[in-house]
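Enquirer: My questions all concern the structure below.
The values are calculated or read from the model by the stated rules, or taken from the named source; none is laboratory data. This one's a predicted model, so the numbers in the text were calculated from it and none came from an experiment. Note: ideal-geometry Cβ built from the backbone for every residue, glycine included; neighbour counts use all protein chains shown.
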Amino acid sequence: MAPPVAVSIRDFTRRFGDTTVLRNLNLEIGQGEFVALLGRSGSGKTTLLRTLAGLDPADREQVVSPSARAIVFQDARLLPWKKVWRNVAIGLPGRDTRARAEAALTEVELSHHLDVWPATLSGGEAQRVALARALVREPALLLLDEPFAAVDALTRLRMHELVLALWRRHAPAVLLVTHDVDEAITLADRVLVLDQGRIAAEERIALPRPREADPQFQAIRSRLLAHLGVTAPGAKETPPAEGALVAFPTGEIVT
């Protein structure tokens, strides 16, 4: 039986002036489902995320998402004049905000940084604080906008493990926007490709975790790259045209 729906988008179009960014888009995300969204630059990924976050207005008959939602951006966006726990507790109601912030920081293994300033944190630590700030709100929908893009490869792997552990524990619906195909396959139950404002492809990932060593991983990766119009290294093809997408061995795509 399919889980209850957390996010529902029906025939949604978003225009900015004469430019149509999302075009008659239809999408459902189940409660507790982890979905990753891939797409070329300008395909509408960030516009969709902003719509679901409530940052851009939308007709309630077309876009339904939980009122309890939180977003983590590529940049941690911490306030430098507030100590770490206060960054986590921003906007929380009630009198036990420090205790709740401490509990969230403990979950991301940063309780020892409760009273430090953001400037003393590494990039990975800052992103963990941003995750704690999102999770302390107990969201039914967690939106992740390329949150690992600015950290080193080893930190990214650790963040993957942390996000999966937190997702299993709290069970929010998750929408991850990423340019990294391998990351999408590693983390998500379902991977979508957005192209010209529409869902152009979908892959359901039924592989047990960890997935990287599974023989089906590369087959799924190849299909997703093909949907993205990507030329993979080693392929017997002519060099890509100017402006084409190229995939590196890590699975990340660049223009």
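Enquirer: Give me the helices (runs of 4 or more DSSP H) completely within the range 152-235, filtered to those with at least 3 residues that are touching a Leu at 6+ places or on another chain (Cβ under 9 Å) and surrounded by fewer than 22 Cβ atoms within 10 Å (Cβ to Cβ), ordered by residue number.
Expert: Hits in the range 152-235: 153-170, 215-227.
So that you can scan it fast, the table gives a plain yes or no per residue for (1) at pLDDT below 90; (2) farther than 26 Å from T51 by Cα:
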site	(1), (2)
W167	no, no
A184	no, no
R190	no, no
R211	yes, yes
A232	yes, yes
T250	yes, yes
T255	yes, no
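Enquirer: If L110 satisfies every condition in (1) over 30 Å from T186 (Cα atoms); (2) crowded, with 19+ Cβ neighbours inside 10 Å; (3) of a type outside the set (F, W, Y); (4) in contact with an Asp or Glu (Cβ under 7 Å, 6 or more places away or on another chain) but one, which is the exception?
Expert: All conditions pass for L110, except number (1).
Enquirer: Can you work out which of the residues in the range 26-85 that are in a loop (DSSP other than H, G, I, E, B), among the acidic types (D, E) and more than 26 Å from L105 (Cα to Cα) is modelled with the lowest pLDDT?
Expert: Here the answer is E61.
Enquirer: Also, quick follow-up: Taking the residues in the range 143-163 that are touching a helix residue (DSSP H, G or I) at 6+ places or on another chain (Cβ under 7 Å) and in contact (Cβ under 8 Å) with a residue 60 or more places away in the chain as candidates, determine which candidate is farthest from A132 (Cα to Cα).
Expert: Ranking the qualifying residues of the range 143-163, first place goes to A150.
Enquirer: Check the range 35-51 and report whether any residue there is at negative phi and over 17 Å from the mean Cα position of the chain (by Cα).
Expert: Taking every residue of the range 35-51 in turn, none turns out to be at negative phi and over 17 Å from the mean Cα position of the chain (by Cα).
Enquirer: Return yes or no: is R77 over 26 Å from L228 (Cβ atoms), basic (K, R) and surrounded by fewer than 16 Cβ atoms within 10 Å (Cβ to Cβ)?
Expert: yes
Enquirer: Something else now. On the given criteria, is L187 touching a helix residue (DSSP H, G or I) at 6+ places or on another chain (Cβ under 7 Å), in contact (Cβ under 8 Å) with a residue 40 or more places away in the chain and not β-branched (V, I, T)?
Expert: In short, yes.
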